[in-house]
Amino acid sequence: MIAALFRLGLEQADTLRARLLDWAHSPAALDDWALGYGPLAQWAVGQPWIGFVVVIGVCAIATATAAWMVRQLAPQASGSGIPHVEAVIHGDAPPGPYALVPVKFIGGILAIGSGLALGREGPSVQMGAGIATFISRLGQRGFPDSRVLMAAGAGAGLATAFNAPLAGAIFVLEELVQRYEPRIAIAALGSSITAISVSRAILGDSPDFTVAQLTYPPLAVQVLFLGLGLVSGLLAVAYNITVLGTLGLADRLGRIPVEARGALIGAAVGVLAWFHPALVGGGDPLTQQMLLGGAAALPVAAAFAVRFVLGAVSYAAMTPGGLFAPMLTLGAQSGLMFGIACQTGLPGLEIQPEGFALVGMAAFFAGVVRSPVTGLILVGEMTHNVALLLPMVGACFTAMLVPALLRNMPIYESLRERAAQQMEAGRSR
């Protein structure tokens, strides 16, 4: 229920951001607003820059407020939260405070709603684990039972975030626990099914994305999907390095308060939203556009470059927000570009670029996170489409092979180690 309400809150925040941009771009709307606020307001709206300043100010304030909530009330709520959940389940970190769930809920709506390129799944997973922590404390459970409950709650959160019950349960085993445990598997399946039953009563049961009509590709085209996996693997390595490098740069700017850093990043996102509103936010509309095809290669490439950097910078704002949804957008964009390039270079083959966008989502996810089964099932459940399952498996194989050969760690493992190092450094000080 809480994760479903979180999704509704994000939808309302996106709507309010769009209305703010429409209002700020409309001189007539500004004039009508200023009539009731005296001569100073009327003078201000007559300036060509006032709407621009308002948008930047709102985005900066919302992001700074989210960063302040995290610092003051629940530092564990920073970022995705999935590395923290993994550390707690493995006994390497204590559970978060009771304030974690409301901070994640409100802070996530403020940060993602202001336009940061962050996903809803990280907050949903951590809120699910936080609710489970509360229940285990209420029932005076020991660590073995608490661990099962936290894993199940996390799976329920992911299932609700993407309307994907099976992916929620598989994510628990493949990523959080990293081995098959029957007790946790039973709990994760039960919690995911229950979560979906509740969330669909609130949100409906439509798939998150609609996919163009796809046909199964001939053998010559199937080989190209292995090439897409290689490209996705290289991009995944670059993305992991970029995210960690951006966080490292933010650490070196440690004298700047996190609220000021959040405000600066929020202001920059506000500038981008003013000129290109479609490029900000979680990225679902962009993903949907890629899956329907028809986009030109050059605009997609430009949008990919912007989102690639924006995702890493947004994560450095130290606000609640995940990596999954932005990764799926990047995967769809890179897949569509690859498909367009193949269609242009090999006109004799029957190539559907939107099919490459679909496969690219799973391949890029597998390259970054190294949880291929979760990626395969997640994309299948989000799109209700398994027509390209075999090419998707091949692309995930090569997408994981490249980072393995380059000795690049999975993103959540890197983030968990980074958090452990920071905790150890704090103790030594």
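Some observations on this one:
- Any hit, segment 125-140, residues being part of a helix (DSSP H, G or I), touching a Leu at 6+ places or on another chain (Cβ under 6 Å) and within 23 Å of Leu376 (Cβ to Cβ): yes
- Segment 92-117 residues that are farther than 18 Å from Ile265 by Cα, paired with ones that are part of a loop (DSSP other than H, G, I, E, B) (beta carbon under 8 Å, 6 or more apart): Gly96/Ala74; Pro97/Ala74; Ala99/Ala74; Leu100/Ala74; Val103/Ala74; Lys104/Ala74; Lys104/Gly81
- The set of residues in segment 314-353 that are crowded, with 24+ Cβ neighbours inside 10 Å, more than 18 Å from Thr242 (Cβ to Cβ) and among the small types (Gly, Ala, Ser) comprises Ala332, Gly335, Gly339.
- Look at (1) within 18 Å of Ala317 (Cβ to Cβ); (2) free of Cβ contacts under 8 Å to residues at least 12 places away in the same chain; (3) among the small types (Gly, Ala, Ser) and you find that Ala302 fails only one, number (1).
- Of all the residues in segment 391-411, those that are of a type outside the set (A, V, I, L, M) and closer than 10 Å to Gly229 by Cα number 5.
- First in segment 407-429 and more than 19 Å from Leu323 (Cβ to Cβ), second anywhere and of a type in the set (Gly, Ala, Ser) and at pLDDT below 90, Cβ under 9 Å, 6 or more apart: Met423/Ala93
- Filter pass, Ser371 being touching a helix residue (DSSP H, G or I) at 6+ places or on another chain (Cβ under 9 Å), at pLDDT 95 or above, within 17 Å of Met400 (Cα to Cα) and polar (S, T, N, Q): no
- For segment 383-399, the tally of residues that are among the hydrophobic types (A, V, I, L, M, F, W, C), at pLDDT 95 or above and surrounded by fewer than 24 Cβ atoms within 10 Å (Cβ to Cβ) stands at 2.
- All positions within segment 329-382 that are β-branched (Val, Ile, Thr) and part of a loop (DSSP other than H, G, I, E, B): Ile351
- Taken together, the residues in segment 105-121 that are buried (at least 22 other Cβ atoms within 10 Å of the Cβ) and either in a loop (DSSP other than H, G, I, E, B) or more than 14 Å from the chain's Cα centre (by Cα) (or both) amount to 8.
- One residue from Ala273, Ala238, Ala188 being buried (at least 19 other Cβ atoms within 10 Å of the Cβ) and either among the β-branched types (Val, Ile, Thr) or within 25 Å of Gly81 (Cα to Cα) (or both): Ala188
- Looking only at residues of segment 210-224 that are within 21 Å of Leu346 (Cα to Cα) and β-branched (Val, Ile, Thr), we find that the one that is modelled with the lowest pLDDT is Thr215.
- Restricting Met327, Met337 to residues that are under 30 Å from Pro75 (Cβ atoms) and of a type outside the set (Val, Ile, Thr) narrows the list to Met327.
- Residue match in segment 12-26 (condition: out of contact with any strand residue (DSSP E or B) (no Cβ under 7 Å at 6 or more places or on another chain), modelled with pLDDT under 90 and either crowded, with 23+ Cβ neighbours inside 10 Å or of a type in the set (Lys, Arg) (or both)): yes
- Residue tally, condition of a type outside the set (Val, Ile, Thr), under 26 Å from Phe52 (Cβ atoms) and not in a loop (DSSP other than H, G, I, E, B), over segment 251-283: 17
- A single member of Leu328, Leu358, Leu336, Leu346 is more than 16 Å from the chain's Cα centre (by Cα), among the hydrophobic types (A, V, I, L, M, F, W, C) and within 22 Å of Asn163 (Cα to Cα), and it is Leu358.
- Taken over segment 183-220, the criterion of being part of a helix (DSSP H, G or I) and out of contact with any helix residue (DSSP H, G or I) (no Cβ under 8 Å at 6 or more places or on another chain) is satisfied by Ile186, Ser197, Arg200, Ala201, Leu219, Ala220.
The values are calculated or read from the model by the stated rules, or taken from the named source; none is laboratory data. Note that the structure is a prediction, hence the values are computed from the model and not measured. Backbone-built Cβ (ideal geometry, glycine too); neighbour counts: all protein chains shown.
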